[in-house]
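This report concerns only the one structure given below.
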Amino acid sequence: MILTHPSSGEWWRSAVIYQIYPRFFKSTTNGVGDLPGITSKLPYISSLGVDAVWISPFYTSPQKDHGYDVSNYRDIDPLFGSLNDATELIQKANELGIKVIVDLVPNHTSDQHVWFQEALNSPKGSEPRNRYWFREGRGENGELPPTNWRSVFGGPAWTRVEDGQWYLHLFDSSQPDLNWENPEVREEFESILRFWLDRGVSGFRVDVAHGLMKDPELPDWDHDWAMVSGLDDDSVSAPPMWDRDSVHEIYRSWRTIVDSYEAMMCAEAWVHDDARRSLYVRPDEFQQCFNFSFLSSPWSKDSLQNVIARSYEVNNGVGAPTTWVFNNHDVVRLPSRMGLERTGKGPNGIYATDPQPDFELGTRRAQAAQLLMLALPGSAYLYNGEELGLPEHTSLPDEARQDPTFFRTKGEEAGRDGCRVPLPWVSAEPGAGFSPTGETWLPQPDGWNGFAVDVQEADPDSSLNFVRKALALRSQNGLGTSGIDDQSTDTTLDYLVGDIRVITTFDDEADRPEGWRVVLSSTPVTDTIGTDTTAWLVRD
Ligand code: NOJ
């Protein structure tokens, strides 16, 4: 069914996009979030003032990595609902003027995908095996993996099957990597793109966009590549499995498809070299690519100023907007990250026995960071619960943990569950109103109901109302498409964005400039702008 597409134009250049992780957004049944839950909250999403939602995977999946292990790309996991529920969600969102971006996971399938099952049941060297990376092992009896590659989630990137061959998985062993040298794989994904475009989606967030192509020689490689931050050692070039030049050709062919539907694509490419990252947003490739340099910047004036300047420089070079982001389902939530002794990308989860974030300081900085981000020309992503100022859950019991990184690192890393806790909607209800039964698939921390939407709706100074005000002003003043002028001092960020002056302080207070009055600020401003604060000002 072809639904009416929302108005076209290059809306994505300045769009504010709200990420929804279906599992913890809102449950209409038994404590696991679902698509009817999202549909029921569309008026709430609309009240935030966002332009679009990006929905993390809802496809049929054994849920080994919460849906990033897809077994059928053309259907919905029964846990989340049905294809009809998805169609209804897309249609109702579009009616409210909210565009829907879905998540595409092309680097790997689930091991339960029909292709992988067929591969397992087919002989070595057969066509079904050639859709993945099956290889003989090393050592006398092939008992050693074909290469020394490490999984991003910890442990080796190869698993052995019954007949002695090994298959490659850059993530969990339940997520075998597809062989993008194989034309059949390419055709299949082009067809999947069309399947969802025909159902009215306005775009795709593309998972691990920098990982699809591998050096077919499969040489050994002695380094690690981490989620979000990629490779920290700049001196290492050309990894055999990440950010290979040949990956771009795939996106050029996808672009012609999405263009024919006036849709867009956003790359999740953990490429830290800003110039290389900008290659993904050349005019005939992605429209957007997450700015992970921004996300992982420490809370420091110099660092943020450099990241912002560099981001505009490299993206202007290819005519692309920047895509600002501070939060997603793979990182510790911002108010907690900003409250750690070392700010920046942060650890992979926080245990109760780890040094705990200073939540008050973290919240102050997070709101300042948020207001800075929302002033910057370009597109911005918000992560569900970010508008409520939710912290990371740092006291989850190990029995409750589900993230494969916790298991594959043997608990060395707490993992990402702490930023995926079921949202609080109604403070007085069990489970803070997440589900009708009060069940929540992950336990919520003490005090979670204090963050509930109903409490924050009633408080004009709440985090929720702060984000709403910021988005309304951003839109009224056209900040997303304005020019930006950097007039920062040694201690303070100071940008002129259209008619709005945006000042962010760090360890030092700043004087409110004469002739300017505050229209919104993350902490109350008098003649002085306090530390760790962002203020938006207009001329008197
Ligand atoms: C990146 C996703 O954001 C993450 O959640 C997932 O685990 C990996 N890709 C593997 O698909």
Q: Being touching a residue at least 24 places away in the same chain (Cβ under 8 Å) and farther than 24 Å from residue 381 by Cβ is the filter; apply it to segment 37-80 and report the residue that is farthest from the ligand (Cβ to nearest atom).
A: 74
Q: Report, ordered by the first and then the second residue, all pairs with beta carbons closer than 8 Å, sequence separation of six or more or different chains, a first member in segment 185-197 that is farther than 19 Å from residue 101 by Cβ, and a second member that is open to solvent by less than 40 Å² (accessible area, probe 1.4 Å) and assigned to a helix (DSSP H, G or I).
A: 185/131; 186/250
Q: From 31, 81, grab the single residue that is open to solvent by 10 Å² or more (accessible area, probe 1.4 Å) and among the small types (Gly, Ala, Ser).
A: 81
Q) Do any residues in segment 241-268 that are of a type in the set (Phe, Trp, Tyr) have Cβ atoms under 6 Å from those of residues that are part of a helix (DSSP H, G or I), where the two are at least six apart or on different chains, and which pairs are they? A) 261/197
Q: Kindly state which helices (runs of 4 or more DSSP H) lie completely within segment 385-479 and contain at least 1 residues that are in contact with a Leu (Cβ under 6 Å, 6 or more places away or on another chain).
A: 453-457, 463-476
Q) Which residue out of 284, 274 is touching a residue at least 40 places away in the same chain (Cβ under 8 Å) and either out of contact with any strand residue (DSSP E or B) (no Cβ under 9 Å at 6 or more places or on another chain) or acidic (Asp, Glu) (or both)? A) 274
Q. What is the residue count in segment 186-212 for residues that are hydrophobic (A, V, I, L, M, F, W, C) and within 16 Å of the ligand (Cβ to nearest atom)?
A. 7
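Which helices (runs of 4 or more DSSP H) sit wholly inside segment 25-108 and have at least 1 residues that are more than 23 Å from residue 402 (Cβ to Cβ), at pLDDT 95 or above and of a type in the set (Phe, Trp, Tyr)?
Working: elements: 35-40, 42-48, 83-95.
Of the helices (runs of 4 or more DSSP H) lying wholly inside segment 25-108, those with at least 1 residues that are more than 23 Å from residue 402 (Cβ to Cβ), at pLDDT 95 or above and of a type in the set (Phe, Trp, Tyr) span 42-48.
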Q: Tell me which residues, restricted to segment 112-157, are over 16 Å from residue 179 (Cβ atoms), over 30 Å from the mean Cα position of the chain (by Cα) and in a loop (DSSP other than H, G, I, E, B).
A: 121, 123, 137, 139, 140, 141, 142, 143, 145
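Test of understanding: among 170, 96, 120, 104, which residue is among the hydrophobic types (A, V, I, L, M, F, W, C), away from the ligand (no atom under 16 Å from the Cβ) and closer than 29 Å to residue 12 by Cβ? So that I can check it myself, show each step before the final result.
Values: 170 fails: away from the ligand (no atom under 16 Å from the Cβ); 120 fails: closer than 29 Å to residue 12 by Cβ; 104 fails: away from the ligand (no atom under 16 Å from the Cβ).
96 is the lone residue from the list that is among the hydrophobic types (A, V, I, L, M, F, W, C), away from the ligand (no atom under 16 Å from the Cβ) and closer than 29 Å to residue 12 by Cβ.
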**Q.** Checklist (1) touching a helix residue (DSSP H, G or I) at 6+ places or on another chain (Cβ under 8 Å); (2) open to solvent by 20 Å² or more (accessible area, probe 1.4 Å) applied to residue 447, failing item
**A.** (1)
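The values are calculated or read from the model by the stated rules, or taken from the named source; none is laboratory data. Bear in mind the structure is a predicted one, so any value in this text is a computation, not a measurement. Please note: Cβ atoms are built from the backbone with ideal geometry, for glycine as well, and neighbour counts cover all protein chains shown. Remember, those area values only see protein heavy atoms, side chains included, never the ligands or the DNA or RNA. Shrake-Rupley method; radii C 1.70, N 1.55, O 1.52, S 1.80 Å.
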